[in-house]
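Trainee: I'd like to ask some things about the structure below.
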2 protein chains.
Amino acid sequence: MPKISEKGKSMPASPIRKLAPFAEQAKRNGIHIYHLNIGQPDIETPAQFWNTIKDIDRKVLEYSPSNGFEEVRQGYAGFFQTRYGLSQLLPEDILITTGGSEALLFTLFSILDADDEIIIPEPLYANYIGFSKSGNIKVRPIETCIEDGFALPSIDEFEKVINEKTKAILICNPNNPTGYAYRDDELKRLREIVLKHDLFLISDEVYRDFIYGDQKKYTSVLEFPELSQHAILVDSVSKRFSACGARIGMVATKNKSVLETVLKFAQQRLSPPTVEQLGVLGMFDVEENYFTKVNVEYRKRRDVLVEGLNSIPGVFCPVPGGAFYCIVKLPVEDSDHFCQWMLSDFNYNGETVMMAPASGFYSTEGKGKNEVRIAYVLNINDLKKAIKCLEEGLKVYNAR
Amino acid sequence: MPKISEKGKSMPASPIRKLAPFAEQAKRNGIHIYHLNIGQPDIETPAQFWNTIKDIDRKVLEYSPSNGFEEVRQGYAGFFQTRYGLSQLLPEDILITTGGSEALLFTLFSILDADDEIIIPEPLYANYIGFSKSGNIKVRPIETCIEDGFALPSIDEFEKVINEKTKAILICNPNNPTGYAYRDDELKRLREIVLKHDLFLISDEVYRDFIYGDQKKYTSVLEFPELSQHAILVDSVSKRFSACGARIGMVATKNKSVLETVLKFAQQRLSPPTVEQLGVLGMFDVEENYFTKVNVEYRKRRDVLVEGLNSIPGVFCPVPGGAFYCIVKLPVEDSDHFCQWMLSDFNYNGETVMMAPASGFYSTEGKGKNEVRIAYVLNINDLKKAIKCLEEGLKVYNAR
């Protein structure tokens with residue numbers, strides 16, 4: 001029998017989705033599951049999306065251009081200008097992708113060859129590991145610590161791992177899975193490093209609408225004029241508009257060589273989805289109030305979650321400044337086992353909690369074993385019940 | 001300034017889309033262009049698609065499962081059983097992808113490592129080269145000849161290039177760009193080779209509804225029980241339903257290791273587009289009459305095109321048995337130059353023709369220089385005008 005590739009074998013299963021079979025079995029056993037494992041928000045997608053696709057008047061479902069419909073690129077740039085005041089971003093700097101995932105994959109392939117190295121603060125979004133493996137690219141993690149809320153390490157820590165193979169630094173701001181929102185002085189530290197060592201700086205900003213601190217405005221990597229040739233922005237409409245199923249995102253950069261190279265990869269897959277692009281186009285003029293309400297709601301959830309978690313004996317969760325995730329330290333030795341046990345062996349009044357074991361968010365073997373990632377994408381009432389359920393689960397698990 | 005990757009630099013621009021800037025300029029100059037360069041059919045998408053998405057009653061545009069909605073996998077299997085009698089294909093053998101493109105990329109990554117080799121009859125679909133380059137996979141082309149209509153070469157020719165790095169053979173049946181439809185004895189020849197050398201056989205069958213010969217029924221690679229662990233089917237709804245913009249396709253195989261590995265790549269990109277999946281689900285019960293009418297229409301087009309082309313002095317086009325492409329030999333030395341010239345320097349009564357230079361459909365450097373790929377996706381009236389335009393263009397070009 002012919003064999004699968006080493007690449008395929010070594011590819012990790014998604015820590016977010018790998019426990020799904022246990023969840024399905026629990027559901028078949030009549031147990032209700034609170035899904036804290038996946039960043040699928042319960043927020044309604046703006047009605048504009050649904051109305052726009054209802055109004056499509058086409059006969060042939062055609063390809064769009066490989067870089068997306070011109071109107072969508074214009075709409076995207078207009079939205080960034082209106083909502084974020086990011087006047088630097090022009091339609092010609094943008095390439096529409098099939099989700100932020102594809103934006104990342106094509107960006108990595110465009111700037112890193114096999115055995116090249118990319119520096120990523122750890123814990124990191126699990127799929128960064130997979131995208132890198134797809135291109136035989138080596139991830140060099142930089143450790144960040146739960147004790148100081150996962151703040152960016154010093155320049156020294158970066159310079160320890162920079163070598164002639166290093167091509168880029170990748171950050172997610174605010175961060176998935178830690179929820180950490182980078183301060184301006186940290187972004188300036190990154191600017192200094194990439195200029196000194198002539199590296200690309202990829203910034204995954206898909207959660208930029210989800211900042212809860214009392215701090216000043218968000219700073220995008222595109223706002224540093226000195227980084228015009230170094231900065232690559234990855235964006236997606238998934239979280240901003242609660243439109244994860246649209247699979248519409250973008251790469252944006254002032255570096256023409258990068259954008260032209262990304263276009264070659266984009267041409268191979270022909271085009272991003274047509275109907276979903278049209279639907280997204282209809283959402284760009286959603287009223288500001290939509291974002292305000294969503295932000296207030298998530299901030300409440302965050303506060304309820306963090307307070308609830310930290311009141312459980314042995315549990316520690318730093319206060320995340322953004323996104324809708326947190327990394328939580330639990331009083332267990334092996335969170336992979338604990339998360340699976342919560343699904344297969346435990347219920348509290350017929351309910352249980354699904355979480356993502358944090359080991360999959362570390363590229364360093366053995367790290368994160370006593371941590372989980374929690375996505376607070378449930379309403380406050382459900383969130384409280386989920387926390388209670390976790391508390392009871394920990395009691396029973398540790399008394400086994 | 002940081003540099004793009006060698007992979008990115010060596011990635012060829014799409015031969016189908018690379019002349020687009022010249023076409024746009026011609027349009028700005030008021031010239032009408034007959035698009036024979038791209039397989040974008042003018043056929044109407046079944047109304048069921050548009051009606052289904054109008055009727056979607058959801059509030060949150062959620063991710064689907066990474067392998068696609070269960071209903072879509074069931075619908076796909078049901079469609080294959082009803083329309084093709086392919087009862088072997090079960091929903092659990094299927095993984096829904098974002099177009100046939102993604103199905104190919106994930107399949108290649110799942111079975112070939114960097115420096116592994118894949119055998120593909122040449123001329124070949126240009127993006128096979130790009131997908132292979134993305135994984136640093138080496139394409140070993142097997143020459144097929146325009147003189148015998150691009151029939152499959154003998155086993156000897158395959159065995160000349162098979163070595164310990166060879167992992168798979170990839171065919172497109174019927175073929176893009178040649179239109180060649182493999183005969184059963186050719187498929188059996190491939191069966192013999194892959195069994196003898198323990199290789200995977202990937203069959204891209206996205207054009208299976210477009211067979212014009214008087215020959216017996218189409219044979220899918222999934223119909224060989226001996227190949228259950230070797231055969232991987234790549235499919236797409238793009239051409240079948242004239243729904244290129246949906247970006248919905250699939251990988252299907254009885255080989256569980258392959259499907260599980262493809263799933264790991266699929267999990268990284270989270271999910272295929274939700275709305276388009278729902279729309280496609282609505283099309284699976286389209287009346288048989290839809291396909292019959294489309295088939296009759298394409299067959300007429302093919303006949304008009306082939307007869308018209310072969311009546312031009314110095315032009316040769318074998319009769320394609322399927323798909324809606326043909327590779328045409330022209331009396332020019334450099335079809336890249338000629339195709340560009342047709343857009344930038346020529347018009348016939350204010351009209352011109354856009355074709356894809358065939359060089360991009362060869363992995364062997366220097367081949368196909370006097371050939372073009374033509375997609376017959378225009379109505380017969382336009383097709384006749386396009387042929388006339390090409391004839392006049394050749395006269396002027398060769399009289400320069």
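The values are calculated or read from the model by the stated rules, or taken from the named source; none is laboratory data. Please read all numbers here as calculations on a predicted model, not as lab measurements. Ideal geometry is used to build each Cβ from the backbone, glycine not excepted, and the neighbour counts take in all protein chains shown. Heavy atoms of the whole protein, side chains included, go into the accessibility calculation; ligands, DNA and RNA do not. Shrake-Rupley method; radii C 1.70, N 1.55, O 1.52, S 1.80 Å.
Trainee: As an exercise: evaluate A:T364 against (1) under 20 Å from the mean Cα position of the chain (by Cα); (2) open to solvent by less than 30 Å² (accessible area, probe 1.4 Å) and give the number of the one condition it does not meet.
Mentor: Of the numbered conditions (1) under 20 Å from the mean Cα position of the chain (by Cα); (2) open to solvent by less than 30 Å² (accessible area, probe 1.4 Å), the odd one out for A:T364 is (2).
Trainee: Now, a different point. Report the residue count in the stretch A:250-305 for those that are of a type outside the set (A, V, I, L, M), away from chain B (no Cβ under 14 Å) and open to solvent by less than 40 Å² (accessible area, probe 1.4 Å).
Mentor: 6
Trainee: Follow-up question, since we're still on this one. Which ones in the stretch A:93-107 are away from chain B (no Cβ under 13 Å) and in a helix (DSSP H, G or I)?
Mentor: Pass one, the stretch A:93-107, residues away from chain B (no Cβ under 13 Å): A:93-95.
Result: A:D93, single match.
Trainee: Please count how many residues of the stretch A:277-299 are in contact (Cβ under 8 Å) with a residue 12 or more places away in the chain, within 23 Å of A:A375 (Cβ to Cβ) and not hydrophobic (A, V, I, L, M, F, W, C).
Mentor: Looking only at that region, the number is 5.
Trainee: Select from the stretch B:109-120 the residues that are open to solvent by less than 10 Å² (accessible area, probe 1.4 Å) and closer than 29 Å to B:P318 by Cβ and write down the one among them that is farthest from the other protein chains (Cβ to nearest Cβ).
Mentor: For the stretch B:109-120, the residue satisfying everything is B:I120.
Trainee: Just checking, which of B:L378, B:L383 is open to solvent by 20 Å² or more (accessible area, probe 1.4 Å), among the aliphatic types (A, V, I, L, M) and in contact with a strand residue (DSSP E or B) (Cβ under 9 Å, 6 or more places away or on another chain)?
Mentor: Details: B:L383 fails: open to solvent by 20 Å² or more (accessible area, probe 1.4 Å).
From the options B:L378, B:L383, the qualifying one is B:L378.
Trainee: Here's another thing I want to ask about it. Only one of these is within 21 Å of the chain's Cα centre (by Cα) and of a type in the set (D, E, K, R): B:D198, B:D156, B:D185, B:D204. Name it. First the steps, then the outcome.
Mentor: On the way: B:D198 fails: within 21 Å of the chain's Cα centre (by Cα); B:D156 fails: within 21 Å of the chain's Cα centre (by Cα); B:D185 fails: within 21 Å of the chain's Cα centre (by Cα).
Answer to the check: B:D204.
Trainee: On the given criteria, is B:L222 at negative phi, outside any loop (DSSP other than H, G, I, E, B) and either within 11 Å of chain A (Cβ to nearest Cβ) or not aliphatic (A, V, I, L, M) (or both)?
Mentor: Numbers: at negative phi: yes; outside any loop (DSSP other than H, G, I, E, B): yes; either within 11 Å of chain A (Cβ to nearest Cβ) or not aliphatic (A, V, I, L, M) (or both): no.
No.
Trainee: Take the residues of the stretch A:231-249 that are of a type in the set (K, R) and more than 8 Å from every other protein chain (Cβ to nearest Cβ): which is nearest to B:P272 (Cα to Cα)? Outline the logic, then answer.
Mentor: Taking the stretch A:231-249 as the starting set, the residues that turn out to be of a type in the set (K, R) are A:239-240, A:247.
Subsequent filtering for residues that are more than 8 Å from every other protein chain (Cβ to nearest Cβ) retains A:239-240.
Details: A:K239: 16, A:R240: 19 Å.
Among them, the one singled out is A:K239.
Trainee: Criterion first (facing chain A (nearest Cβ under 8 Å), of a type in the set (D, E) and surrounded by fewer than 17 Cβ atoms within 10 Å (Cβ to Cβ)) does B:E6 satisfy it? Give the steps one after another, and end with the answer.
Mentor: Values: facing chain A (nearest Cβ under 8 Å): yes; of a type in the set (D, E): yes; surrounded by fewer than 17 Cβ atoms within 10 Å (Cβ to Cβ): yes.
In short, yes.
Trainee: Evaluate the following for B:P153: is it under 27 Å from B:V315 (Cα atoms), outside the structural domain of B:A323 (by TED's automatic domain parsing), open to solvent by 10 Å² or more (accessible area, probe 1.4 Å) and touching a Leu at 6+ places or on another chain (Cβ under 9 Å)?
Mentor: Judged against the criteria, B:P153 is not a match.
Trainee: Restricting attention to the stretch A:9-33, and to residues there that are in contact with a strand residue (DSSP E or B) (Cβ under 7 Å, 6 or more places away or on another chain) and surrounded by fewer than 19 Cβ atoms within 10 Å (Cβ to Cβ), which single residue is nearest to the other protein chains (Cβ to nearest Cβ)? Full working, then the answer.
Mentor: Of all residues in the stretch A:9-33, those in contact with a strand residue (DSSP E or B) (Cβ under 7 Å, 6 or more places away or on another chain) come to A:15-16, A:19, A:23, A:26-27, A:31-33.
Still in the list and also surrounded by fewer than 19 Cβ atoms within 10 Å (Cβ to Cβ): A:27, A:31-32.
Details: A:K27: 14, A:I31: 20, A:H32: 18 Å.
Checking each candidate, the answer is A:K27.
Trainee: Please find, within the stretch A:44-58, the residue that is surrounded by the fewest Cβ atoms within 10 Å (Cβ to Cβ) out of those that are facing another protein chain (nearest Cβ under 7 Å) and farther than 14 Å from B:E276 by Cα.
Mentor: The qualifying residue surrounded by the fewest Cβ atoms within 10 Å (Cβ to Cβ) is A:E44.
Trainee: So is B:L61 more than 11 Å from every other protein chain (Cβ to nearest Cβ) and in a loop (DSSP other than H, G, I, E, B) or not?
Mentor: On the way: more than 11 Å from every other protein chain (Cβ to nearest Cβ): no; in a loop (DSSP other than H, G, I, E, B): yes.
In short, no.
Trainee: Shifting gears a bit: Which residue pairs have Cβ atoms closer than 7 Å, lie 6 or more positions apart in sequence or on different chains, and pair a first residue in the stretch B:84-96 that is surrounded by 17 or more Cβ atoms within 10 Å (Cβ to Cβ) and of a type in the set (S, T, N, Q) with a second residue that is modelled with pLDDT of 95 or more and in a helix (DSSP H, G or I)?
Mentor: Correct list of pairs: B:Q88/B:L222; B:Q88/B:E223.
Trainee: Got at least one residue in the stretch B:70-90 being under 30 Å from B:A126 (Cβ atoms) and polar (S, T, N, Q)? Can you show your working first?
Mentor: So the first thing to find is which residues in the stretch B:70-90 are under 30 Å from B:A126 (Cβ atoms), and the list is B:72-73, B:76, B:79-80, B:83-84, B:86, B:89.
Filter again for polar (S, T, N, Q), leaving none.
For the stretch B:70-90, residues under 30 Å from B:A126 (Cβ atoms) and polar (S, T, N, Q): absent.
Trainee: Quick check on my filter: what residues within the stretch A:206-249 are charged (D, E, K, R) and open to solvent by 30 Å² or more (accessible area, probe 1.4 Å)?
Mentor: To start, the set of residues in the stretch A:206-249 that are charged (D, E, K, R) comprises A:208-209, A:214, A:216-217, A:223, A:226, A:235, A:239-240, A:247.
Matches in the stretch A:206-249: A:D214, A:K216, A:K217, A:E223, A:E226.
Table: residues versus (1) part of a loop (DSSP other than H, G, I, E, B); (2) farther than 22 Å from A:D113 by Cα.
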position: B:F109; (1), (2): no, no
position: B:I129; (1), (2): no, no
position: B:P141; (1), (2): no, yes
position: B:A151; (1), (2): yes, yes
position: B:A168; (1), (2): no, yes
